[in-house]
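The values are calculated or read from the model by the stated rules, or taken from the named source; none is laboratory data. Computed from a predicted structure; not experimentally measured. Ideal geometry is used to build each Cβ from the backbone, glycine not excepted, and the neighbour counts take in all protein chains shown. Only protein heavy atoms, including side chains, enter the accessible area calculation; ligands, DNA and RNA are left aside. Shrake-Rupley method; radii C 1.70, N 1.55, O 1.52, S 1.80 Å.
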Amino acid sequence: MTSKLSAILPDLSPWRSSADFRLLWVQGLIAHFGSAMAMIALPLQIKDLTGSPLAVGAMGAVELVPLIVFGLYGGALADAVDRRKLIIATEAGLGLLAVILMVNALLPEPLLWPLYVVAAGVSAMAGLQRPALDAMLARIVPHDQLTAAAALNNLRWQLGGIAGPSAAGLVVAYSGHATAYGITLLGFAVSVLMCLRLAPAPPAHDAEKPSLRGIVEGARYAWSRPVLMGTYAIDLVAMIFAFPIAIFPFLADDLNAPWSLGLMFAAISVGSVLLSAMSGWTTRVRRHGLLVIYGAGAWGLGIAAAGWFDSVWLVLVALAVAGAGDTLSGLGRMTIWNQTIPDELRGRLAGIEVLSYSVGPQLGQVRSGAMAGWTGTRAAIWSGGVVCIAGVLLMAAALPKLVRYDSDTDEDAQLRRAQREAALGE
């Protein structure tokens with residue numbers, strides 16, 4: 001029985017083998033919990049100040065451009081400076097932005113414009129930090145534990161994403177916005193102290209200064225690797241055609257179950273947590289391209305079913321399936337990236353990854369909203385899921401190298417493994 005459970009439960013090898021991974025895992029859970037508090041409190045405060053859905057929606061518009069610009073620059077920066085120092089600086093910057101939110105909330109009449117400025121600043125800081133965090137993983141975790149590390153990181157992300165918003169609603173309702181921002185500030189303060197204990201992560205000896213030419217070099221490398229391009233392309237297809245989160249309120253109304261709206265958002269995270277909690281088997285997978293394809297297909301299937309079913313409970317189950325599929329695809333993507341990308345380019349490629357994460361969902365929201373006005377809510381959801389499945393199948397047919405990817409035989413993966421072992425030997 002014990003051996004069967006160990007084959008299903010998450011592989012804790014990265015936690016046991018790397019002190020830096022343990023630090024980043026706990027630090028990330030604390031920081032994400034605090035960030036999630038602010039992510040809920042901030043739009044609620046804009047709503048309280050304006051009463052305008054348009055004013056709340058405008059927050060997304062001010063966040064997108066800084067995320068793209070600073071995500072790309074952050075990728076180049078992560079290859080040129082000590083990644084530990086970059087992570088500490090951006091965590092401290094996020095803490096200062098939390099101070100601004102807290103001070104503004106304590107004013108007799110809080111101002112509106114600082115909320116948008118901070119939202120843009122948070123997006124910029126996240127764009128600068130995310131590539132450095134992603135690029136750190138392959139340095140601190142052994143090559144054969146990268147899938148397990150990705151699963152544990154996803155579990156941390158989902159736990160923080162569920163607990164933070166849930167607590168934020170209660171904190172704002174009973175203690176006010178300033179208290180929520182104070183908890184966010186405390187989380188970042190603890191996070192900075194933990195990051196100070198990380199080992200230095202200096203750049204390569206011949207690293208170039210951040211530049212547009214360096215960003216282009218990273219893009220060229222990605223373009224020259226069909227396996228990498230396949231991971232980006234399939235993620236974009238899945239998000240553009242099957243990311244209908246914005247119209248969930250209308251789906252709840254169509255099902256005569258307005259009370260289910262919060263459960264719809266939670267169901268995707270629940271599915272993701274369940275897959276992460278039973279991810280032990282994924283560490284024995286070597287065909288990670290298939291994880292990307294099957295996971296994206298399961299995401300599309302779950303979204304299609306959610307738009308098709310009449311029962312709200314079946315819709316919630318379908319959304320949980322979609323969340324599990326998205327996580328499975330994400331594990332495949334993260335493993336391929338960390339196994340194949342050279343360390344000196346990993347930051348820049350992580351910056352391109354930020355584009356995938358930001359642009360795809362944004363376009364997906366636009367597609368689902370526009371189509372819902374034309375065909376109706378449920379048709380916009382299920383048809384997007386069907387197109388997602390078809391798109392994933394077409395991409396799989398067009399990218400045979402992604403389908404055949406095997407970490408035991410892929411040249412880039414084997415080269416990175418040898419480099420990692422040589423570095424540890426030194």
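Things to note:
- Failed item in (1) crowded, with 21+ Cβ neighbours inside 10 Å; (2) of a type in the set (A, V, I, L, M); (3) within 30 Å of A418 (Cβ to Cβ), with V285 passing the rest: (1)
- Contact map, the range 78-90: first residue open to solvent by less than 20 Å² (accessible area, probe 1.4 Å), second residue part of a loop (DSSP other than H, G, I, E, B) and among the aliphatic types (A, V, I, L, M), Cβ cut-off under 8 Å, separation 6 or more or different chains; pairs are D79/A204; D79/A207; R83/A201; I87/L198.
- Scanning the range 118-145 for residues that are among the polar types (S, T, N, Q) and either touching a residue at least 60 places away in the same chain (Cβ under 8 Å) or open to solvent by 30 Å² or more (accessible area, probe 1.4 Å) (or both) returns S123, Q145.
- Unique residue being surrounded by 17 or more Cβ atoms within 10 Å (Cβ to Cβ) and more than 25 Å from R84 (Cβ to Cβ) when the list is A168, A148: A168
- Qualifying residue in the range 137-144 (condition: acidic (D, E) and assigned to a loop (DSSP other than H, G, I, E, B)): no
- Residue tally, condition part of a helix (DSSP H, G or I) and open to solvent by 70 Å² or more (accessible area, probe 1.4 Å), over the range 206-237: 5
- Pairs with Cβ under 7 Å, 6+ apart, first in the range 178-204 and touching a residue at least 40 places away in the same chain (Cβ under 8 Å) and open to solvent by 30 Å² or more (accessible area, probe 1.4 Å), second small (G, A, S) and part of a loop (DSSP other than H, G, I, E, B): P203/A80
- Among the residues of the range 245-268, the ones that are at pLDDT 85 or above and among the β-branched types (V, I, T) come to 1 in all.
- G300 vs. criteria modelled with pLDDT of 95 or more and buried (at least 24 other Cβ atoms within 10 Å of the Cβ): yes
- Residues of the range 381-425 classified as modelled with pLDDT under 90 and either over 21 Å from G332 (Cα atoms) or among the aliphatic types (A, V, I, L, M) (or both), total: 9
- From the list G34, G71, the one residue that fits, being open to solvent by less than 60 Å² (accessible area, probe 1.4 Å), under 27 Å from I352 (Cβ atoms) and small (G, A, S), is G71.
- The residues listed here are T50, T90; of these, the one that is modelled with pLDDT under 85 and β-branched (V, I, T) is T50.
- Residue check, V172 closer than 27 Å to L72 by Cβ and of a type in the set (A, V, I, L, M): no
- Residue within the range 92-103 that is crowded, with 17+ Cβ neighbours inside 10 Å, without any contact (Cβ under 8 Å) to a residue 24 or more places away in the chain and more than 25 Å from L23 (Cβ to Cβ) present: no
- Residue among A370, A390, A397 that alone is free of Cβ contacts under 8 Å to residues at least 60 places away in the same chain and under 30 Å from L146 (Cβ atoms): A397
- Selected residue [of a type in the set (V, I, T) and at pLDDT below 85] from V172, V192: V172
- Residue in the range 49-66 that is surrounded by 18 or more Cβ atoms within 10 Å (Cβ to Cβ), of a type in the set (S, T, N, Q) and part of a helix (DSSP H, G or I) present: no
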